[in-house]
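Undergrad: Please find one structure pasted underneath; my questions will follow.
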Amino acid sequence: MLRGLYTATAGMMTQQRRHDTVTQNIANLNTTGYKQVESVARSFPEVMIGLQGGDQGQDNRQLGKLNTGVFAEESISMMVQGDVTESGSSDDLALVSNLQLPNPQGGNMVFDASGKSVQPNGTVVYQPQAFFNVQNSDGGVSYTRDGDMHLTSDGFLVTSTNQNVLGQDGRPVQLPGSMDDYWVRENGTIFNKTTGAASGRIGITVAEKPDGLTRDGEGLFTEKTQGVAALRAATNNDQIEVRQGYLERSTVDPAQSMVDLTAALRAYEANQKVVQFYDKSLDKAVNDVGRV
């Protein structure tokens with residue numbers, strides 16, 4: 001009898017995780033470059049059940065397989081291009097990328113709205129994505145789509161959370177004056193408007209396997225295991241464009257988020273009712289039947 005209690009409890013925990021994920025998405029609805037997160041649930045391994053007692057002469061008393069619940073396996077960031085809007089500020093930079101992969105059957109792979117392509121053999125391939133290089137709190141390199149940047153008093157270009165933006169040479173970008181004195185080309189090269197001289201180039205990294213990146217908070221992503229995201233420096237041949245005076249919006253769909261939030265709440269309540277039913281059944285078994 002307790003099997004159903006455990007199953008309902010697992011369902012409640014899963015829906016709570018789903019609710020927390022959707023709430024996080026809604027909280028970052030207006031966060032520049034934020035990538036929507038999806039909670040992935042998976043069922044527990046099926047178990048074989050059989051008869052207890054019954055006809056002792058029966059050779060095969062197996063009834064079949066039974067699933068014992070579900071759990072929230074992981075949270076996946078949806079690495080897709082967000083809408084780009086004009087901000088009018090020369091400090092703001094947006095990355096627009098449309099990187100393609102060749103299809104073994106000819107042409108290029110077709111990616112769906114979540115940024116993945118499922119091959120005939122079942123293999124899932126994610127569309128490569130481009131990121132700005134920034135310096136994290138540990139002094140290492142992290143990656144972000146947050147183009148809400150500004151210059152500090154000492155001329156360092158930083159993100160909205162004050163991470164130094166790194167150049168193609170791996171050093172923090174430092175520009176005297178203000179960003180109004182510079183214009184940024186599509187490939188990330190920075191030019192002085194007065195002299196026309198190049199003042200550096202913003203570092204851009206391509207993640208061939210963006211699903212291998214780990215979310216680190218504050219809009220940052222890192223490669224925890226070397227090679228898992230297949231990182232490489234962007235080249236002029238890549239379909240990547242840096243737009244000055246623009247910002248990439250969050251990829252969160254507010255309408256779908258509200259639907260998911262309501263669905264998680266209803267599913268949580270349904271599992272809660274099952275737990276309450278088992279609680280009443282156990283109460284009768286212990287307090288009422290036990291007296292007989």
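Here, each number is a calculation from the coordinates, and none is a lab measurement. None of the values given here were measured: they were computed from a predicted structure. A quick note on method: Cβ atoms are made from the backbone with ideal geometry, for glycine too, and the neighbour counts reach across all protein chains shown.
Undergrad: In nm, to one decimal, how far is the Ala233 label point from the Val259 one, both placed 7 Å along Cα→Cβ?
TA: The two pseudo-label positions are separated by 4.5 nm.
Undergrad: Return the FRET efficiency for the residue pair Ser43, Asn187: r is the Cβ-Cβ distance, R0 is 41 Å, and the value is rounded to the nearest 0.05. Mind dumping the intermediate values first?
TA: Numbers: r = 47 Å, r/R0 = 1.15.
Plugging the Cβ-Cβ distance into 1/(1 + (r/R0)^6) gives 0.30.
Undergrad: Tell me, rounded to the nearest percent, the portion of alpha carbon pairs in region 112-256 spaced more than 20 Å apart.
TA: 51
Undergrad: How high is the relative contact order of the chain? Use alpha-carbon pairs under 8 Å, at least six apart in sequence, and give a whole percent.
TA: Values: 578 pairs, mean separation 74.5, N = 292.
Result for the chain is 26 percent.
Undergrad: On a 24 Å Cα-Cα criterion, which of the cross-link pairs Lys35/Lys116; Lys35/Lys273; Lys65/Lys284 come out too long? Each step should come with its number before you reach the end.
TA: Values: Lys35/Lys116 14 Å; Lys35/Lys273 34 Å; Lys65/Lys284 30 Å.
Long pairs (Cα-Cα over 24 Å): Lys35/Lys273; Lys65/Lys284.
Undergrad: Using a Förster distance of 25 angstrom, determine the FRET efficiency expected from the C-beta separation of Thr68 and Gln16, and round it to 0.05.
TA: The formula returns an efficiency of 0.85 here.
Undergrad: Now, a different point. First measure r as the distance between the Cβ atoms of Thr123 and Thr222, then evaluate 1/(1 + (r/R0)^6) with R0 = 30 Å and state the FRET efficiency to the nearest 0.05.
TA: About 0.75, to the nearest 0.05.
Undergrad: ³J(HN,Hα) across region 125-137 via Karplus (A = 6.51, B = -1.76, C = 1.60, θ = phi - 60°), whole Hz, x for Gly/Pro?
TA: 10, 9, 5, x, 10, 9, 9, 6, 8, 9, 9, 7, 5
Undergrad: Which whole number of Å³ per residue matches the convex hull of the alpha-carbon atoms in region 145-187?
TA: That works out to 87 Å³ per residue.
Undergrad: Looking only at region 17-42, which residues have a backbone nitrogen under 16 Å from a spot 7 Å from the Cα of Ala113 in the C-beta direction?
TA: 36-39
Undergrad: Can you give the net charge of the other residues whose Cβ lies under 14 Å from the Cβ of Glu208, counting K and R as +1 and D and E as -1?
TA: Summing Lys/Arg as +1 and Asp/Glu as -1 gives 0.
Undergrad: Return the ratio Rg/(2.2 N^0.38 Å) for the chain, where Rg is computed over Cα atoms only.
TA: 1.38
Undergrad: May I ask for the longest run of the chain untouched by trypsin sites (Lys or Arg not before Pro) that are loop-located per DSSP and have at most 11 neighbouring C-beta atoms (other than their own) within 10 Å?
TA: 1-192
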